[in-house]
1. Residues to consider are Leu106, Leu62, Leu95; find the one that is farther than 19 Å from Leu146 by Cα, without any contact (Cβ under 8 Å) to a residue 12 or more places away in the chain and of a type outside the set (Val, Ile, Thr).
2. Find the residue count for the stretch 121-154, including only residues that are assigned to a helix (DSSP H, G or I), over 15 Å from Tyr274 (Cβ atoms) and in contact (Cβ under 8 Å) with a residue 60 or more places away in the chain.
3. From the residues in the stretch 260-291 that are outside any helix (DSSP H, G or I), among the hydrophobic types (A, V, I, L, M, F, W, C) and touching a helix residue (DSSP H, G or I) at 6+ places or on another chain (Cβ under 9 Å), which one is surrounded by the most Cβ atoms within 10 Å (Cβ to Cβ)?
4. Out of all the residues in the stretch 27-45, is one or more outside the structural domain of Ser255 (by TED's automatic domain parsing), surrounded by 10 or more Cβ atoms within 10 Å (Cβ to Cβ) and touching a helix residue (DSSP H, G or I) at 6+ places or on another chain (Cβ under 8 Å)?
5. Could you tell me how many of the residues in the stretch 218-255 are buried (at least 17 other Cβ atoms within 10 Å of the Cβ) and under 13 Å from the mean Cα position of the chain (by Cα)?
6. Could you check, for the stretch 172-182, whether at least one of its residues is among the aliphatic types (A, V, I, L, M), at pLDDT 90 or above, surrounded by 16 or more Cβ atoms within 10 Å (Cβ to Cβ) and not in a strand (DSSP E or B)?
7. Considering every residue within the stretch 256-273, establish whether at least one is more than 23 Å from Ala235 (Cα to Cα), at pLDDT 50 or above and touching a Cys at 6+ places or on another chain (Cβ under 8 Å).
8. Kindly check whether there is at least one residue in the stretch 227-235 that is within 27 Å of Gln93 (Cβ to Cβ), in contact with a Gly (Cβ under 9 Å, 6 or more places away or on another chain) and either touching a residue at least 60 places away in the same chain (Cβ under 8 Å) or not small (Gly, Ala, Ser) (or both).
Amino acid sequence: MTSLMKDPLLWILLGVLIAAVLAVMLARRTNLALRKQNADLQASQGRLEAERQRLANESATLRSEHDRDLAQVRSDAEEETKAALRTWMRSLQVLADEQQGVISDLARVKYGNDSEILADFMTIDHTNSQFGRRAQGIAALCGGWLGRRDRAAPVLDVARSAQGRIKLFDRVRIHSQVNVAVASTAVEPVAVVLAELLDNATNYSAPGTPVEINIQAVPTGVCLIVDDAGLGINAEEKDRASALLNTQGPVSITSLGSPPRVGFAVAGVLAARYGFKVSVDSVSPYGGVRAVILLPESLLTHDLPAPEAENSPTTASEGSPSSPVTAPVAIVGTTAGGLPRRRRAVAVVPPAPSPAAEPDPVPVPEHSEVTATATRLTAFARGTVRGRDTTTTEGSENQ
């Protein structure tokens, strides 16, 4: 036993054993501490994750409320802007219609035989019609009214009416293959939309090139096809046009650019409201854009309105035997654009009861430049009057 106690190997083994036991105890203590720390960390992580989720939910709620409030503010601002514009455009439309009536009466009744004054009146009337169209377009975008007709109008007259509402009307050529009328509720919308398409076609094609309107019957109704000789539109513009022309709801006027490009937006809003279709996704035979208005059978009628009789306005008191009376206007042919060419009204003076002879009037050159201009503008204006004869009494917005 004493020898074993003196054996160094035994002490070494004992030391190793003690060291091993201490190491195991230390490792166990460390492991327990690490497990406790890990549990604490996991608990803390769970609390942090719950807090993060709570904050995320609150953030989403706040973002949703912010987006909803912002959308409501924008919607309110848009509606207030549209309401203000609608009121202003209503006043401007009434004034434009009244002014057009005054111009027409003066041109037909009082100054119809003065070529120079008549030419000036026709120029003013044409400018006024463009002003009225722009007011109608803005009113339509704002949910307003266009004016109402009591009668249907031949589709050819509607096309002529649209032609008369653009600046470069003399570049438009109309070819019609049909003999139908547009229902009274759709006359103004179709004329306004066609005028917007013609305005685009003339503005975005080379000066001097013609813009053609072909009116053709199709199995589902009638198509008004507008072809120009411009450069066409790229894919991005075509997508934008398609989106505006096929809108199913109100259009934001703040999304139309600066300055706003309203032509396609006006066409899309009116097409959706009145039940016809507009597209600009084809290429014209001249390399430009082909725009198509498809009028369904529901907007057409084959009961063509009877031609309105020409009144016999007087320039003096009614019943006076010396009052000059305007003779009926006779159609003597057509212009190159298909518009009716009418002989200028002639004032006929009934013979006075006195036998004294009146001196012969001074002759006016029939082929002077002023007379030619007046004749052209007069024929054009009379060719469009039935298509744009509306009343401006306010009615339902979905008239």
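The values are calculated or read from the model by the stated rules, or taken from the named source; none is laboratory data. Keep in mind that this is a model prediction, so the values were computed, not measured. All Cβ positions, even for glycine, are placed from backbone atoms using ideal geometry, and neighbour counts span all protein chains on display.
1. Numbers: Leu106 fails: without any contact (Cβ under 8 Å) to a residue 12 or more places away in the chain; Leu95 fails: farther than 19 Å from Leu146 by Cα.
Matching residue, one of Leu106, Leu62, Leu95: Leu62.
2. Pass one, the stretch 121-154, residues assigned to a helix (DSSP H, G or I): 121-141.
Then keep just the ones that are over 15 Å from Tyr274 (Cβ atoms); that gives 121-135, 138.
If we keep only those that are in contact (Cβ under 8 Å) with a residue 60 or more places away in the chain as well, we get 122-123, 125-126, 129, 133, 138.
Residues flagged as assigned to a helix (DSSP H, G or I), over 15 Å from Tyr274 (Cβ atoms) and in contact (Cβ under 8 Å) with a residue 60 or more places away in the chain within the stretch 121-154 amount to 7.
3. Checked the stretch 260-291; the qualifying residue surrounded by the most Cβ atoms within 10 Å (Cβ to Cβ) is Ala291.
4. No.
5. Residues that pass the stated criteria total 4.
6. Initial filter on the stretch 172-182 (among the aliphatic types (A, V, I, L, M)): 172, 174, 178, 180-182.
If we keep only those that are at pLDDT 90 or above too, we end up with 172, 174, 180-182.
Okay, now just the ones that are also surrounded by 16 or more Cβ atoms within 10 Å (Cβ to Cβ), so 172, 174, 180-182.
When the remaining residues are screened for being not in a strand (DSSP E or B), the result is 180.
Within the stretch 172-182, one or more residues are among the aliphatic types (A, V, I, L, M), at pLDDT 90 or above, surrounded by 16 or more Cβ atoms within 10 Å (Cβ to Cβ) and not in a strand (DSSP E or B).
7. Looking through the stretch 256-273, none of the residues is more than 23 Å from Ala235 (Cα to Cα), at pLDDT 50 or above and touching a Cys at 6+ places or on another chain (Cβ under 8 Å).
8. no
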